[in-house]
Amino acid sequence: MLYGYAGHTLRIDLGNGTVEKEPLKQEWVDEFIGGRGFTAKILYDETPPGVDPLGSDNRVVIAMGPLSGLFLPAAGKTHFAAKSPATGGYGDSNMGGHFGVTMKYAGYDVTILTGRAIDPSYIFIDNDTVEIRPASHLWGKGSTEVEEILKTDLGREFQILTIGEAGERMVNFACISHDFGRQAGRTGIGAVLGSKNIKAIAVRGNKDIPVFDPKGLLKKGKATYAACREKPGFTGWTPEGTAGITNWCNDVGALPTRNFATSHCDYADKINGKAILDELKITDKGCFSCPIPCGKYGLAKTGKGSKYVEGPEYETLALVGSNCELSDIHGVAHVNWVCDELGLDTCSAGAVVAFALECYEKGLISKQEMGMEVKWGDLDSIVYLLEKIAKREGIGDVLADGVQKAAEKIGGDSAKFAIHVKGLEWTGYESRNAPGMMLGYMTADVGAHHSRCWVLGSDVANAVGGAADANVHDLISQGADFETIPKADHKHVVPLVLKSQHLRPAFDILGTCRLQYMEIGLETRYYEELYYHATGKKLDFNKDLLHLSEKIWHLNRMFNRREIPDFGRKYDYPPPRFYEEPIPSGPNKGHKVEFSVIEEMLDTYYKARGWDENGIPTKDTLEKFNLAVE
Amino acid sequence: MTLSFNYETCSGCRACELVCSLQNFKIINPSKAMLRVTAQFPDPGRYDVKICNQCGDCAEACPTGAIHRVKGTWRIDMKKCDGCLACVSACPEDVMMVNDDGMPYKCINCRQCADVCPRDALSFN
């Protein structure tokens with residue numbers, strides 16, 4: 001008996017309409033445990049080498065972990081993966097909500113989509129009944145509109161994922177939307193679903209998930225919820241959620257502002273967590289089984305009408321807010337709603353719009369090409385650009401491929417301020433005085449995404465004179481001066497980056513959210529004990545799970561090497577803005593990272609990883625991790 | 001003592017459904033729970049939890065007298081229940097559940113949901 005898992009893989013070939021349900025492979029469970037482990041393994045093994053990301057042979061893999069859907073805090077993560085249209089390499093993204101757990105209750109740990117439906121379709125899953133149904137009545141409609149239609153037609157207990165118009169038109173940063181405001185935003189997997197003519201998936205599941213020791217899980221689950229309540233962050237972090245970090249990021253000079261030209265703005269108080277609570281919030285909106293709901297559901301009121309929207313989360317505040325110089329919380333929330341409806345990742349969308357505004361300001365995009373006068377911080381301009389992108393009209397068609405490819409077409413010096421790594425736009429932490437954070441972005445398998453590594457705190461602590469792993473909040477309470485931050489030291493960042501790159505994605509393997517650990521400090525031993533009661537197997541978090549997390553790092557690096565013809569070191573460089581332009585204002589004024597420092601960090605990082613000087617895992621490293629890949 | 005619900009703090013996590021199914025049936029299956037979280041989105045944006053408030057309408061509707069009160073909690077005597085499900089249609093909160101064998105079951109005030117609820121949206125008054 002496979003405890004902790006639903007026990008099945010669902011394979012759907014959209015080209016010929018076949019549906020196969022097969023037992024979950026023991027080999028996957030034994031070697032890769034779940035979630036991100038499954039997606040990495042399956043994508044490498046089953047995606048034909050050299051496949052077109054938007055071609056019918058690309059796969060969309062949906063995977064949950066052994067703890068997903070069980071009685072423990074925040075066990076609601078769903079993982080998606082595909083060869084990314086944004087990077088051409090390994091792409092994945094995950095979301096909270098209730099979709100993945102319902103897939104498990106329907107009996108499926110893994111779903112693999114291949115082929116391309118002839119007509120717009122949606123996938124209907126009601127436990128053992130799986131059908132590919134027509135979706136022409138849904139095509140062209142917004143994400144939440146489609147969710148509402150399907151819930152009305154099928155029943156409110158169905159969980160729905162959808163793509164918006166951006167996914168239909170294969171915008172490289174199209175997201176997957178769910179539960180009226182949750183998204184798997186990154187790496188363009190919404191575009192891959194669109195390329196397969198899949199508008200939505202609807203699932204109802206009401207089966208048991210077998211667990212090894214139900215009584216033990218009941219006891220430990222209750223103890224874990226109780227432990228969460230005892231953490232200071234339970235009441236300190238939860239009210240504002242991720243948005244609570246906005247002012248801190250601004251204070252330490254890490255808030256992306258004006259297309260990452262600078263790292264500080266003078267209106268952070270207007271677009272922070274408090275502004276959300278004061279101006280927008282209706283209710284906390286948590287994911288499945290989560291005791292610390294970061295989702296804030298509210299009502300955005302602008303001249304463009306009143307819109308219900310979940311968020312903005314911190315990344316949206318940073319990328320749509322300060323990075324586009326939009327200083328009104330209702331405006332930021334409205335743009336969040338626009339992105340959700342169109343099916344655009346708010347991180348990349350904010351970065352792409354800011355890039356376009358800078359190109360326009362510098363005359364690299366003319367008014368005629370733009371189609372209207374656009375301005376920083378102007379809601380009309382931002383919404384106009386997003387709609388153009390989602391519809392791939394005019395300049396929107398150029399921008400829809402992301403900043404890297406857009407810069408190739410726009411020319412001039414635009415590549416210098418196209419803020420991305422590997423083709424994926426940078427998220428909400430400006431890093432010119434945070435070398436560890438920068439290295440984390442540079443080397444992440446999916447491109448410039450913070451989900452893999454977050455060491456900004458130790459970078460800043462280091463800069464203001466604390467120990468490398470000091471708690472920044474402690475330093476603040478001790479009176480550290482963030483107004484004039486000294487230059488951060490890059491010498492000791494590699495071990496911290498490696499630790500973070502293994503630790504954060506480890507929770508993605510189990511199928512839980514990392515924030516219980518990261519934000520309120522729930523100890524990893526709870527996960528070890530919950531895993532035992534769920535599966536009947538022992539798991540040493542620091543030894544076994546982090547080893548697997550490291551193994552996945554090598555596997556995905558090899559996927560990128562296989563899929564990107566000249567893949568190597570040059571794909572790990574940050575945009576020139578970060579090593580050519582000193583920060584012009586704010587607490588980090590005058591700072592930049594020297595290119596020699598970037599090279600030095602990469603040399604040290606590759607050596608520590610067991611990769612050659614071009615950043616490719618050595619044969620010895622692959623053997624050490626039992627990876628038979630080339 | 002009856003269970004009560006405060007929508008203002010509920011974030012829809014469904015920990016109550018999970019603990020209910022695990023406590024009472026020793027299974028992981030929130031669809032079997034004796035209470036039900038419902039989400040009202042996009043408009044007006046709030047959660048409700050359908051709970052048994054021990055109103056006794058089920059007992060009044062029961063033709064066999066199978067539902068009786070024990071220390072403030074209405075319970076079903078399965079020896080007397082003939083599975084007619086009159087109680088199900090009588091329940092104003094739609095929380096008289098039906099098991100796979102076609103027989104009804106209901107909340108027994110075990111209080112686990114209120115104990116676990118991380119938002120204190122469920123409580124006993």
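The values are calculated or read from the model by the stated rules, or taken from the named source; none is laboratory data. Since the model is a prediction, treat every value here as computed from it, not as a measurement. No Cβ is skipped: glycine too gets one built from the backbone with ideal geometry, and neighbour counts run over all protein chains shown. When the accessible area is computed, the model is the full protein with side chains, heavy atoms only, and any ligands, DNA or RNA have been set aside. Shrake-Rupley method; radii C 1.70, N 1.55, O 1.52, S 1.80 Å.
Compute the distance from the alpha-carbon center of the stretch B:1-55 to that of the stretch A:140-197, in whole Å.
The distance from the Cα centre of the stretch B:1-55 to that of the stretch A:140-197 comes to 27 Å.
Would you compute the Debye intensity of the stretch A:284-369 from its alpha-carbon atoms alone, equal scatterers and no solvent, and pass along log10 I(q)/I(0) at q = 0.11, 0.12, 0.16, 0.17 Å⁻¹ to two decimals?
Once normalised to I(0) and log-transformed, intensities are -0.35, -0.41, -0.66, -0.73.
Using the per-residue mean of other Cβ atoms lying within 10 Å as a proxy for protection, in what order, highest first, do the peptides B:77-89, A:118-130, A:143-155, A:86-98 fall?
Numbers: B:77-89: 14.0, A:118-130: 17.0, A:143-155: 18.6, A:86-98: 26.3.
Going by the mean number of other Cβ atoms within 10 Å, highest first, we get A:86-98, A:143-155, A:118-130, B:77-89.
Once amide H atoms are built 1.01 Å from N in the peptide plane, which residues 5 or more positions from B:Val49, or in another chain, come under 5 Å H to H?
For B:Val49, the qualifying residues are B:Thr38.
Out of residues 5 or more away from A:His420 or on other chains, whose amide H comes under 5 Å of its own, with H placed 1.01 Å from N in the peptide plane?
Amide H neighbours of A:His420: A:Trp426.
Before anything else, pin down the relative contact order of chain A: Cα pairs under 8 Å, at least 6 apart, normalised by residue count, whole percent.
Numbers: 1502 pairs, mean separation 97.3, N = 630.
Once divided by the residue count of chain A, the mean separation gives 15 percent.
Report the FRET efficiency, 1/(1 + (r/R0)^6), for A:Asn206 and A:Gln478, where r is their Cβ-Cβ distance and R0 is 60 Å, rounded to 0.05. Show your work: numbers first, answer last.
Numbers: r = 53 Å, r/R0 = 0.88.
Using R0 = 60 Å, I get an efficiency of 0.70.
How large is ³J(HN,Hα), in whole Hz, for each residue of the stretch B:60-69 in order, when computed from phi with the Karplus curve 6.51 cos²θ - 1.76 cosθ + 1.60 and θ = phi - 60°, using x for Gly and Pro?
Going residue by residue, I get 4, 7, 6, x, 9, x, 6, 9, 10, 9 Hz, with x marking Gly and Pro.
So what is the accessible area of the stretch A:480-549 per residue, in Å², with the probe set to 1.4 Å? Before the final figure, lay out each step's value.
Numbers: 2910 Å² over 70 residues.
Here the residues of the stretch A:480-549 average 42 Å² of exposed surface.
In Å², and per residue, what accessible area does the stretch A:263-412 have when probed at 1.4 Å with the other protein chains present? Walk me through the numbers on the way to the answer.
Values: 4750 Å² over 150 residues.
With the other protein chains kept in place, the stretch A:263-412 gives 32 Å² per residue.
Assigning unit charges at the beta carbon (Lys, Arg +1; Asp, Glu -1) and nothing else, what dipole magnitude in debye, to the nearest 20, does chain A show about its Cα centre? If you can, show how the numbers build up before the last one.
Working: 70 positive and 85 negative charges, 183 e Å.
Using only the charged Cβ atoms, the result is roughly 880 debye.
As a test of understanding, state the convex hull volume per residue of chain A from its alpha carbons, in Å³.
Hull volume over Cα atoms, normalised by residue count, gives 134 Å³.
Of all accessible surface on chain B at a 1.4 Å probe, what whole percent is carbon and sulfur? List each step's numbers first, then the result.
Working: 2660 of 5650 Å².
C and S atoms contribute 47 percent here.
Roughly how far apart, in whole Å, are the Cα centres of the stretch A:86-136 and the stretch A:587-618?
38 Å
Work out how much length A:Lys538 to A:Ala223 would gain on full extension: take 0.36 nm times their residue separation and subtract the Cα-Cα distance, in nm to one decimal.
Working: separation 315, 0.36 × 315 = 113.40 nm, distance 1.89 nm.
Result for the pair: 111.5 nm of gain on full extension.
Would you kindly state how much longer the chain becomes between A:Glu145 and A:Leu277 on full extension, computed as 0.36 nm times their sequence separation minus their alpha carbon distance, in nm to one decimal? Present the calculation step by step, with values, prior to reporting the outcome.
On the way: separation 132, 0.36 × 132 = 47.52 nm, distance 2.56 nm.
Between A:Glu145 and A:Leu277, full extension yields an extra 45.0 nm.
Is it possible to state the helix-based mean residue ellipticity at 222 nm for the protein assembly as shown, with each DSSP H run of 4+ residues giving -39500 (n - 2.57), the sum divided by total residues, to the nearest 500 deg cm²/dmol? What is it?
Numbers: 30 runs with 271 residues, N = 755.
Computed ellipticity for the protein assembly as shown at 222 nm equals -10000 deg cm²/dmol.
Take the Cα coordinates of the stretch A:55-118, assign each an equal point scatterer, and use the Debye formula without solvent to give log10 I(q)/I(0) at q = 0.23 Å⁻¹.
Once normalised to I(0) and log-transformed, intensities are -0.93.
Ordered by residue, what ³J(HN,Hα) values in Hz, to whole numbers, does the stretch A:350-356 give under the Karplus form 6.51 cos²θ - 1.76 cosθ + 1.60, where θ = phi - 60° and Gly and Pro are x?
Along the stretch A:350-356, the couplings run x, 5, 5, 5, 4, 4, 5 Hz.
Taking the Cα centre of the stretch A:180-267 as the origin and placing charges on Cβ (Lys, Arg +1; Asp, Glu -1), which of A:Ile209, A:Thr242, A:Phe260 is farthest toward the positive end of the dipole?
Of the candidates, A:Ile209 comes out farthest on the positive side.
Less than 20 Å from a label point 7 Å out along the Cα-to-Cβ axis of B:Asn6: which backbone N atoms in the stretch B:106-125 qualify, by residue?
Within reach of a label on B:Asn6: B:111-125.
Relative to the Cα centre, what is the charge dipole magnitude of the stretch A:396-463, using +1 at the beta carbon of each Lys and Arg, -1 at the beta carbon of each Asp and Glu, and rounding to the nearest 20 debye?
Values: 6 positive and 8 negative charges, 22 e Å.
That gives the stretch A:396-463 a dipole magnitude of about 100 debye.
Between A:Asp266 and A:Asp213, what length in nm is gained on full extension when 0.36 nm per residue of separation is reduced by their alpha carbon distance? All intermediate terms of the calculation are to be shown ahead of the outcome.
Details: separation 53, 0.36 × 53 = 19.08 nm, distance 5.43 nm.
Net length gain for the segment: 13.6 nm.
Between the chain alone and the structure with every protein chain in place, find the residues of the stretch B:10-38 that drop at least 50 Å² of accessible area; heavy atoms, 1.4 Å probe.
Buried by 50 Å² or more upon assembly, which counts only protein chains, are B:Ser11, B:Cys13, B:Arg14, B:Leu18, B:Leu22, B:Lys26, B:Ile28.
Any chance you could get the radius of gyration and Dmax over the Cα atoms of the stretch B:3-119, in Å?
Over the stretch B:3-119's Cα set, Rg and Dmax evaluate to 14.5, 45 Å.
From the backbone phi of the stretch A:31-39, what are the Karplus-calculated ³J(HN,Hα) couplings (6.51 cos²θ - 1.76 cosθ + 1.60, θ = phi - 60°) in whole Hz, Gly and Pro given as x?
Karplus values, whole Hz, x for Gly and Pro: 9, 10, 6, x, x, 4, x, 5, 5.
For helix B:15-25, what angle does its Cα long axis make with the longest principal axis of chain B, in degrees from 0 to 90 and rounded to 10?
30 degrees
Measure out, as a whole number of angstrom, how far apart the alpha-carbon centroids of the stretch A:522-549 and the stretch A:294-331 sit.
37 Å
For the stretch A:505-630, just the Cα atoms, rotate onto the principal axes and tell me the three extents in Å, largest first.
54, 41, 23
Just want to confirm a number: the relative contact order over chain B, from Cα pairs under 8 angstrom separated by 6+ residues, in percent. Numbers along the way, then the final one.
Details: 223 pairs, mean separation 40.6, N = 125.
It rounds to 32 percent for chain B.
What does the convex hull of the Cα atoms of the stretch A:1-158 come to per residue, in Å³, rounded to a whole number?
Details: hull volume 19.9 nm³, N = 158.
For the stretch A:1-158, the hull spanned by Cα atoms encloses 126 Å³ per residue.
Could you tell me what % of all Cα pairs in the stretch A:1-75 have separations over 16 Å?
Details: 1566 of 2775 pairs.
Tail of P(r) above 16 Å: 56 percent of Cα pairs.
Note the per residue figure in Å³ for the convex hull of the C-alpha positions in the stretch A:32-76.
Details: hull volume 3.3 nm³, N = 45.
It comes to 73 Å³ per residue, whole-number rounded.
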